[in-house]
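Trainee: Questions regarding the structure given below will be posed in turn.
The values are calculated or read from the model by the stated rules, or taken from the named source; none is laboratory data. All of these numbers come straight from a predicted model, not from anything done at the bench. Note: ideal-geometry Cβ built from the backbone for every residue, glycine included; neighbour counts use all protein chains shown.
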Amino acid sequence: MPSLHTSVGNVGTHTAVVAVWLMSSCYVGLPQDGSGVDGNSGADGGSSTSADDTSPPEGCVAGRSSAPLRRLTRFEYNNVVRDLLGDDTSPGNSLPSEISGNGFGNDAETQTVSSLLVEQYATVSEGIAKRATESRDKLGALAACAAEIEAGTPTADEETCARELVTRLITRAFRRPVADAEVDELLSLRAAIRESSTFATSIATVIEAVLQSSDFLYRVEVGEVGEDGRRRPTGHEMATRLSLFLWGSIPDDDLLAAAEAGDLVAADGVRAQAERMLQDPRARVVARHFFDNLLPIGSLATLERDATRYPLYTPQIGRLMREETQTLLEREIFENGGTWPGVLTAEHTYMNAELAAYYGVTGVEGEAFQRVDVDTTQRLGMLTHAGVVAGTIHSNETNPVVRGAFLLEKIMCQPTPPPTPDVFDQVDPPNPDSAPTARERFSQHSEDPKCAGCHAVMDPIGFALENYDAVGRWRDHENDVLSNTKVTIPGLGDVSGPVELARKVAQDPRTHACFAVNWANFAYGRTLGADDACVRQDIEEAFAAADHDVAQLLIELTQTEDFLFLPEES
Amino acid sequence: MARRISRRTLLRGAGGVAIALPWLEIMGQPARAWAGGTTAQRFVTMYTPGGSVINDGSGNNRWRPSGTETDFTLSSILMPLEPMRHKLLIYDGLSLLSSNGHHNGGMQSWLSGWGQGSDGFGRGPSIDQVIAGLISADKPMRSLQVAVRWGTGRTHGLVHPLNSPNLEDAEGNNPIPPRLDPQAIFASLFSTLDPSTAPDALARVARKKSVLDYVDRGLNGLSSRLSGGDKQRVDQHLTKVRELEQALDEMPPISEVCYAPELIDTSDYNPDTGLNSNLAGDILDLDTDASIPKVGKFMMDMLVMALACDITGVASFQWTDTEAKHTFPWLDLPNHHHYYQHDGGFAPDQLEKIYTWYAGQHEYFLQQLDAIDLGGHSLLDETVVLFGSEVAQPSNHNQENMPFMLAGGGGGLRGGRFLRHADLADRSHNNLLLAILRLFGDERETFGNPEFCSAPFSDLT
């Protein structure tokens, strides 16, 4: 089992008890109840991966939602400073990494604070503040009077202007109406700095402070109790929930107006906004971010491959592979009303001339991506995209175990436990020269009783994908031996090769549940586990009711108990 | 060692300008006295991935020295350390018994002595953080973590049990992300050491302090309205803000032993390679891999000066994470480290090249520490350096016969020796961690998982 442990998910953490349970689960094939939680938490080795009983408990009642305090992620930070201050330099990239947690780096429970983070907040906000005040025009964008002061032709006194500027800035930065005292506090900071520096520097200092403040960095939800006695986010808090989920950024004027008009209390008001927001290009950026984290397509430009063995693979091809997958997803989700099973069985994809040549597809001209029908004897849907099958592989040889584990964990949410340490000590990885095909090299796992339980499930999935080489191109042979991709997969049955595998995975209810749970984890900043059977049931049913329409799922995620309400105060 | 005075004093003296700020009082603190045999004053962990070549497939251990405790011959892999052997204590035969196996289990266990908890990270603090509490709590930085090529492979730059072994000694047991950008590290450590920038720097410090005061009040107010995990995280944030405020107050003066290392050009090196794949995904890293030796040396130089200047007393250096998915063009090795470990089949000859190179880098680091004269003894003589990894044998992740080495003279550590614990009934590395703690005057009976602690090894001194 050479690379399983290093290449997909973070297998590796487990208590003995959990490991035993998981191992045994492999022997009986895939669990049939869709209980595996998301592969990412499994990947993180948390013991939460394995809800063996997910039948919803009695009493999925009102007031049971969970709403941990969330902090802006780097992705959100970048978007917010762009929309707040026009700063498109992605300064959040200089913040330290998030803990992977649920696989999207946004699990609130894992958002710990390091010295480095606090130091970088200070450094980054200093740079942003400087850029936001470096010219008369920039100051004017914050408040017209500020440009006049900088030009030496003020029409208002400095203090008055600063009050106007600060009020406007923090109303948007804090995403809510602000109290006079909050403005006053920042004005007194400004006044103190102004004694020994310029007007622009005093404004920069205010911005620096706002960007480090808890009201900016944290999504504080005070909530309010409605006429129905239920506790829910205030209108402005709901506007922020919506905008950070669907746009990764702060609310726009429409949302703020809806909040002030009280239109974000009832579920249908929230739904109307969500439907509007999905039409905005910002929603596509969020979806891209989601899939970059879910799929192994983020590093396709930097695959480490021997150029003599794979002369056609280049970093540019890697970029195009990623674009192919993202383009299919984007068009299907946002333009074609696509379903998740439909994405996984699409008989078309998107290519430009260069990528088509890589695939050996003729008749595609130009740099622009265009719709292309695929040869359905070789490819079908997103899981057979060159990038998706190449991105899991970290060397010159294909690794069926890793490909199988990716599909199980990330697409079907079936945890693949790591081998126990004693098993590791007894198994040597296969030498690339030991047999002509990966299937032969890796078959020892299914024969060795120590390994068979899990590998009997993982490996066949990978074997079925052996028609794709380490850079995702089609092959009939490996080292002159015909690739045998006929397999029997516990839980999925007989599969004749990659195309039928794609079809069976796409039809499997666990695949649908997994997708919904992954989106819920991302949307709610959680890692749904064994205790979250109610919310899982809500979203899985809603996704099914929407015929697995992806855009519809995003809307339905705003209609749940967890999105619309806050926990009752204890 | 030079007397530590506050930066504000230094800046006023250097700039020669009276600046109207309310806090120009002298804040000097006497340095800790050192005498051979007293407790160690500084601690460094040095991590290289994937163990070493403990079994080359023919039964040969290419890492282990041969000979007796004081009369031994270094192996081919360790041979580059020959010039520093008199300061080395090579500690063979230990096992990571407290690890639950594997790369991430070993990564969490090697400094914490714990297996992984439900979040994947070790169940208790790492030893460097415990030692930071003993010797570095009042320094501008409590501890410093740097990494050269980090977040490679599937962690995509996210903090993960595979890449973050440093765990805070506080409730919540938080992993500490390392610093990656050599230019930012330089700015953070040394930019205020230049007295010519004094007036600007002073105004900037004043401004930052005012901002942090404001941030502090806001966090405090928020905390008072929270409970449970939310409150814990916000309180942690507040603590870090206060540490930063404190750090702004104190920076060391330039002296014969404390000065900024030469700032080199690292424009050919992208510290974010491997990170942010969700944002760009199209970062080429060939230049970056080729620049690893240069950047690694620069990082070691900075780390030495951070210790010499007393900016911090505890540092952790990672050449990479356990995934080690980068290439070694300067060694003519076109595949990544993990490929040679097992992804592409176990390749002992290529691995020997890699580990021999790492030994040479460690020799350089120890030489630099030893070159700092603190008045009759070197910086290395006050320091304990722990060199280690997360597994022993890369091909099968075996965690027996770990390639551990200590160096330095802190707390009376005696170098020039090669110890084998292979035949002892007790070979748990928790006992080594306990023994290291004793060098710092900490007499606790267990560290990490008590199940794997019998008694601290007594043969370090």
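Trainee: State yes or no: is residue B:273 modelled with pLDDT under 90, closer than 30 Å to residue A:109 by Cα and either in contact with a strand residue (DSSP E or B) (Cβ under 9 Å, 6 or more places away or on another chain) or among the basic types (Lys, Arg) (or both)?
Mentor: In short, yes.
Trainee: Take the stretch B:325-335 and flag every residue that is of a type outside the set (Ser, Thr, Tyr) and surrounded by fewer than 24 Cβ atoms within 10 Å (Cβ to Cβ).
Mentor: Filtering the stretch B:325-335 for residues of a type outside the set (Ser, Thr, Tyr) gives B:325-326, B:328-335.
If the condition is that a residue be of a type outside the set (Ser, Thr, Tyr) and surrounded by fewer than 24 Cβ atoms within 10 Å (Cβ to Cβ), then B:328, B:329, B:330, B:331, B:332, B:333, B:334, B:335 are the ones that fit.
Trainee: Filter the stretch B:217-260 for residues that are more than 26 Å from the chain's Cα centre (by Cα) and among the basic types (Lys, Arg); which is modelled with the highest pLDDT?
Mentor: Among residues in the stretch B:217-260 that are more than 26 Å from the chain's Cα centre (by Cα) and among the basic types (Lys, Arg), the one modelled with the highest pLDDT is B:217.
Trainee: Also: What helices (runs of 4 or more DSSP H) lie completely within the stretch A:110-212 and have 1 or more residues being under 30 Å from residue A:69 (Cβ atoms)?
Mentor: Filter on the stretch A:110-212 gives A:115-132, A:136-142, A:158-173, A:180-194, A:199-212.
Trainee: Only one of these is under 27 Å from residue A:247 (Cβ atoms) and either crowded, with 24+ Cβ neighbours inside 10 Å or within 20 Å of the chain's Cα centre (by Cα) (or both): A:293, A:399. Name it.
Mentor: A:293
Trainee: Of all residues in the stretch B:371-401, which are of a type in the set (A, V, I, L, M) and more than 30 Å from residue B:102 (Cβ to Cβ)? Talk me through it step by step, then tell me what you get.
Mentor: From the stretch B:371-401, those of a type in the set (A, V, I, L, M) are B:371-372, B:374, B:379-380, B:384-386, B:391-392; that's our starting set.
Selection gives B:371, B:372, B:374, B:379, B:380.
Trainee: Let me confirm something: among A:528, A:566, which residue is among the aliphatic types (A, V, I, L, M), in a loop (DSSP other than H, G, I, E, B), over 21 Å from the mean Cα position of the chain (by Cα) and modelled with pLDDT under 95?
Mentor: Testing whether each residue is among the aliphatic types (A, V, I, L, M), in a loop (DSSP other than H, G, I, E, B), over 21 Å from the mean Cα position of the chain (by Cα) and modelled with pLDDT under 95 leaves just A:566.
Trainee: Return yes when residue B:382 is among the acidic types (Asp, Glu), in contact with a Pro (Cβ under 9 Å, 6 or more places away or on another chain) and in contact (Cβ under 8 Å) with a residue 12 or more places away in the chain and no when it is not.
Mentor: Details: among the acidic types (Asp, Glu): yes; in contact with a Pro (Cβ under 9 Å, 6 or more places away or on another chain): no; in contact (Cβ under 8 Å) with a residue 12 or more places away in the chain: yes.
No.
Trainee: Checking residue A:156 against (1) in contact with a Lys or Arg (Cβ under 7 Å, 6 or more places away or on another chain); (2) under 14 Å from residue A:140 (Cα atoms), which test does it fail?
Mentor: (1)
Trainee: Considering only the stretch A:175-191, I want to know if a residue exists there that is farther than 27 Å from residue B:215 by Cα and touching a residue at least 40 places away in the same chain (Cβ under 8 Å).
Mentor: no
Trainee: Could you say which residue among A:105, A:101, A:140 is in contact with a helix residue (DSSP H, G or I) (Cβ under 6 Å, 6 or more places away or on another chain) and either within 14 Å of chain B (Cβ to nearest Cβ) or of a type in the set (S, T, N, Q) (or both)?
Mentor: Unique residue meeting the criteria: A:101.
Trainee: Do any strands (runs of 3 or more DSSP E) entirely within the stretch B:35-149 hold 1 or more residues that are more than 18 Å from residue B:436 (Cβ to Cβ) and either within 14 Å of chain A (Cβ to nearest Cβ) or aliphatic (A, V, I, L, M) (or both), and if so, which?
Mentor: B:144-149
Trainee: Now for a different question. Pairs needed: first member in the stretch A:142-169, charged (D, E, K, R); second member anywhere, in a loop (DSSP other than H, G, I, E, B) and modelled with pLDDT of 95 or more; C-beta distance under 8 Å; at least 6 residues apart or different chains.
Mentor: From residues that are charged (D, E, K, R), the pairs are A:164/A:143; A:168/A:143.
Trainee: Also: Please enumerate the residues belonging to the stretch A:194-209 that are within 10 Å of chain B (Cβ to nearest Cβ) and surrounded by fewer than 24 Cβ atoms within 10 Å (Cβ to Cβ).
Mentor: Those that are within 10 Å of chain B (Cβ to nearest Cβ) and surrounded by fewer than 24 Cβ atoms within 10 Å (Cβ to Cβ): A:195, A:196, A:197, A:201, A:202.
Trainee: Follow-up question, since we're still on this one. For the stretch A:121-137, name all the residues that are touching a helix residue (DSSP H, G or I) at 6+ places or on another chain (Cβ under 6 Å) and under 21 Å from residue B:243 (Cβ atoms).
Mentor: A:121, A:124, A:125, A:126
Trainee: Taking residue B:322 as the residue in question, decide whether it is β-branched (Val, Ile, Thr), modelled with pLDDT of 90 or more and not in a strand (DSSP E or B).
Mentor: Judged against the criteria, residue B:322 is not a match.
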